[in-house]
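Notes follow the structure.
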Amino acid sequence: SKQLIIAIDGPSGVGKGTLAKALSKKLHLPYLDTGLLYRAVGRKMLDMGLSPDDEELVRQAQNLTEADWNRNDLRVSEVDKAASLVAARPKIRAALLDMQRHFATTQGVVMDGRDIGTVILPNADVKLFITASTYVRAKRRWLQYTNDVDAIDKDEQIKQVEKELEARDLADSSRAVAPLRPAEDAKIINTDHLSADAVLQEALRLIGV
Ligand code: C5P
């Protein structure tokens, strides 16, 4: 039987990675976190001292391997910014396009990112667009990046993360190429008041399995 192709989009810290992983496990589908591809290219730019418009960076993107996007130093603040910067470059996006499409084979897929439903997999069986308020997302992202839940300047730290999220959201949704926006046929889930399990249940209901 034909396996499901599920596209999940939304801003960062919204819980789409958690949802995508849970769906992949539950439905036995391969999973690709496309944010890691842009993070891996951003990491290369920083490590090699390249500019986002350098042709060498486009070559690096074309030759990206699983080892590059499975590195464990991609979820740090400097790479957040570098990823968002390289993601606005059409040549970088083009270099990563086929790689992403090839991932959606006969085995089905759960893929998450910003433009999966709109650009990468426009014929996906199900498109989900995940949203949440910036404060809730900042708090989740802060918890992901720190272990110090008792920090005395916790509120300040969360506010700082919130500012960075807002800047990245603005960059991701206002760029000319593949801006963050729901596909016309996407189903929206707001996760502000939902636990990870409640989000999964809602997604399964919308997928119809
Ligand atoms: O999802 P994540 O926060 O890991 O993505 C990092 C950056 O990569 C985003 O801020 C966005 O600029 C970019 N991105 C993108 N398209 C995708 C996935 C990520 O532009 N499909």
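The values are calculated or read from the model by the stated rules, or taken from the named source; none is laboratory data. Keep in mind that what you see is a predicted model, and the values were worked out from it rather than measured. A quick note on method: Cβ atoms are made from the backbone with ideal geometry, for glycine too, and the neighbour counts reach across all protein chains shown.
Note on the range 55-152: enclosed helices (runs of 4 or more DSSP H) holding 1 or more residues that are within 18 Å of Ala171 (Cβ to Cβ) are 55-62, 77-87, 90-103, 134-145. The single condition from (1) surrounded by fewer than 21 Cβ atoms within 10 Å (Cβ to Cβ); (2) at pLDDT 95 or above; (3) not aromatic (Phe, Trp, Tyr) that Leu128 fails is (1). From the list Thr146, Thr118, Thr105, the lone residue that is surrounded by 17 or more Cβ atoms within 10 Å (Cβ to Cβ) and of a type in the set (Ser, Thr, Tyr) is Thr118. Looking across Ala88, Ala7, Ala82, one residue alone is touching a Leu at 6+ places or on another chain (Cβ under 6 Å), over 19 Å from Arg141 (Cα atoms) and within 13 Å of the ligand (Cβ to nearest atom). It is Ala7. Tallying residues that are of a type in the set (Asp, Glu) and either without any contact (Cβ under 8 Å) to a residue 24 or more places away in the chain or within 13 Å of the ligand (Cβ to nearest atom) (or both) within the range 117-151 yields 2. Among residues of the range 91-112 being farther than 12 Å from Tyr31 by Cα and of a type in the set (Val, Ile, Thr), the one that is nearest to the ligand (Cβ to nearest atom) is Ile92.
Applying the set (1) buried (at least 20 other Cβ atoms within 10 Å of the Cβ); (2) in contact with a Leu (Cβ under 8 Å, 6 or more places away or on another chain) to Met99 leaves exactly one unmet item: (1).
Considering only the range 167-182, I want to know if a residue exists there that is away from the ligand (no atom under 16 Å from the Cβ) and farther than 13 Å from Pro11 by Cβ. No, because not a single residue in the range 167-182 is away from the ligand (no atom under 16 Å from the Cβ) and farther than 13 Å from Pro11 by Cβ.
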